[in-house]
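These notes are about the structure you will find just below.
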Amino acid sequence: MAERLLVGVAASPGLVSGRLWRPESEAASQADPAASTGDDEAALHGAIASAGQALAALLGELDGDEAEVVGMQIAFLEDDELARPAFEAIAAGQPAGAAWAAAMDAEIAAYQASDDEYFRARAVDFQDIRDRVLAELSGGASGPLVVPDHAILLAAELRPSEFLSARWGAGAGLALAQGSPTSHVAMLARGRGLAMVVGLGPEVLDLHGEALLDGAEGTLVVAPEQGRLAAAGARIASEEAGRAQAAVYAARPALSRDGVRVAVQATIADPSDLDGLDPAHFDGIGLVRTELFLDRPERLTDEEGQLAAYARILAWAGGRPVTVRTLDAGGDKPIAGYTPAHEANPFLGMRGIRLSLRHPDVFRVQLRALARAAATGPLKVMLPMVTLPRELADARALLEAEIAALAAAGVAHGRPALGIMVEVPAVAITPERFDAEFFSIGSNDLVQYTCAVSREEAASAELGSVADPSVLALIARVAAHGRQVGREVSLCGDAGGDPALVPALLTAGLRSLSVQPGLAGAVKAVIAGLDLASTDEPSTPPS
Ligand code: PEP
Ligand code: MG
């Protein structure tokens, strides 16, 4: 058989050399939605309850992002509104399976039709719920997938709960006909280090035999030639060695070969991301993306809830610095009822600090909770999307007012350091205009705004990157400014966790990075191979 190359979309890096493998059957195919069960209303109630119990049992074995995905599905199942159209259809004479499938299909279609890739990717969560309940209606859900060692799982799409309940053999991977790199399954695969390629097209489901799956390139090579197999074997061995080495470095402070210390901090999206992490492996927390867990209107004004979340992170850090970013809603992170519903160009519109200053009612709550949390540990507060010095001054005035009010009321509080993100070229070009106590470079947005390239489109990524000389020059300028005025400059965009970019970032003068926790070891391993002392001299910012 001749070698055949299929090109999809990269969803989770890693290289797998093994057999293409299809599960025998999928839960959905076992259900016969047209069959009536006699008492269809009771049957649907029972099936929803059983599906919920099965998910709750699965939840007990999970934590972090994985628990969040399953918890969200349980919440959907418990939402009477979701099932209401199905019960109405049953009352009108439809069998339970057909009624449930139709109600969920309408929900799925609405998500699939969304303009927003994030919401489109949520459709698969509803497919998961639909099929679990259908499987219960037809006599019980099928057992978990057992994926053999070095197998490349072929499927049209995979549900998050299928992914989580599956037993993944060593060196296994996923090749999906459909799917999206921003889906929950893709996020879970990255978290577990499983290679994954999506969007390979329906023809992938008819393939079999030996194959090479490249999760970084987004390709699947079926019946690979000997030379390609040998090269892949060497790469797999070196990736394995790299992982083993990273695990050793993860536990040590980051030190260059010639003894320069670099701070490697953790970036988190939710306090639960810290579960199972050893604080001693990190120089603190460099970014807490608060908009990702305060993403409901009622949480935005829940001062006690926010205080508990910030205090939990500070307690975990045990005296190490914690940098909490104030709400960075807008752009790709809408919050219903808070972000504007329709903007022609949301990434250039109401985002981050711009929005916080327009919602002082919400902003004050967050600043108050942060000032109270600052009584429990070294807290730094960071403002996103700053463009004008006035925005920093206005935020400082609000923070001072909340501190004064807390003091007057005799409430325990502290005064957190107030810094800004450098994501907009206007700040990077003239950082000296900003009287911030620290700076943190948001390279994801800085690239997007410097190179005029959307961070949302994989296809345009080659037009801009942190490695672009213009972006590196801006980073060097901010780093030099920080040295000159004695204020910390860190970097909290994804580039800090990319071993290929770390040398250029440190050469540009940075000495502090914040990275996804799972990447800290690989980053420290790269740093250990660099000589940085010659780039360690205080320098004058370019004029
Ligand atoms: C960034 O822009 O680099 C950043 C860290 O912020 P976010 O990715 O959340 O926009
Ligand atoms: Mg940003």
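How many residues does region 87-118 hold that are open to solvent by less than 80 Å² (accessible area, probe 1.4 Å) and under 33 Å from the mean Cα position of the chain (by Cα)?
So the answer is 16.
Select from region 275-303 the residues that are touching a residue at least 60 places away in the same chain (Cβ under 8 Å) and farther than 22 Å from I420 by Cβ and write down the one among them that is surrounded by the most Cβ atoms within 10 Å (Cβ to Cβ).
Looking at the filtered set, the residue picked out is F282.
Please verify whether L220 is more than 29 Å from K380 (Cβ to Cβ) and surrounded by 15 or more Cβ atoms within 10 Å (Cβ to Cβ), treating the condition exactly as stated.
yes
For region 471-482, does any single residue satisfy the condition of being loosely packed, with under 14 Cβ neighbours inside 10 Å and either more than 14 Å from ligand 2 (Cβ to nearest atom) or on the phi < 0 side of the Ramachandran plot (or both)?
Looking through region 471-482, none of the residues is loosely packed, with under 14 Cβ neighbours inside 10 Å and either more than 14 Å from ligand 2 (Cβ to nearest atom) or on the phi < 0 side of the Ramachandran plot (or both).
Run L348 past the list (1) among the aliphatic types (A, V, I, L, M); (2) within 14 Å of ligand 1 (Cβ to nearest atom); (3) open to solvent by less than 40 Å² (accessible area, probe 1.4 Å) and report the number of the one that doesn't hold.
(3)
I'm trying to understand the selection: among the residues of region 466-488, which are part of a loop (DSSP other than H, G, I, E, B) and touching a residue at least 24 places away in the same chain (Cβ under 8 Å)?
The answer is V466, A467, R487.
Restricting to region 369-423, what's the tally of residues that are surrounded by 21 or more Cβ atoms within 10 Å (Cβ to Cβ) and basic (K, R)?
2
Within 16 Å of ligand 1 (Cβ to nearest atom) and in the same structural domain as E437 (by TED's automatic domain parsing), is that true of R358?
No: the conditions fail for R358.
When the residues of region 437-469 are narrowed to those that are of a type in the set (A, V, I, L, M) and more than 16 Å from ligand 1 (Cβ to nearest atom), which ends up modelled with the lowest pLDDT?
Result: A459.
Would you check if E437 is open to solvent by 60 Å² or more (accessible area, probe 1.4 Å), assigned by TED's automatic domain parsing to the domain that holds A504 and under 21 Å from Q265 (Cβ atoms)?
In short, yes.
List the number of the failed condition for F347; all other conditions in (1) assigned to a helix (DSSP H, G or I); (2) within 16 Å of ligand 2 (Cβ to nearest atom); (3) without any contact (Cβ under 8 Å) to a residue 60 or more places away in the chain hold.
The single condition F347 does not satisfy is (3).
Matching residues to (1) at pLDDT 95 or above; (2) at positive phi; (3) of a type outside the set (D, E):
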| position | (1), (2), (3) |
| --- | --- |
| A311 | yes, no, yes |
| A315 | yes, no, yes |
| G319 | yes, yes, yes |
| V324 | yes, no, yes |
| H342 | no, no, yes |
| R354 | yes, no, yes |
| D361 | yes, no, no |
| L379 | yes, no, yes |
| M385 | yes, yes, yes |
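Residue-by-condition table, conditions (1) in contact with a Gly (Cβ under 8 Å, 6 or more places away or on another chain); (2) modelled with pLDDT under 80:
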| site | (1), (2) |
| --- | --- |
| S36 | no, yes |
| D40 | no, no |
| G52 | no, no |
| A56 | no, no |
| G60 | no, no |
| A67 | no, no |
| L77 | yes, no |
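The values are calculated or read from the model by the stated rules, or taken from the named source; none is laboratory data. Small disclaimer: the values here were computed from a predicted structure and weren't measured. Neighbour counts run over all protein chains shown; Cβ positions are idealised from the backbone, glycine included. Note: areas computed on protein heavy atoms with side chains; ligands, DNA, RNA excluded. Shrake-Rupley method; radii C 1.70, N 1.55, O 1.52, S 1.80 Å.
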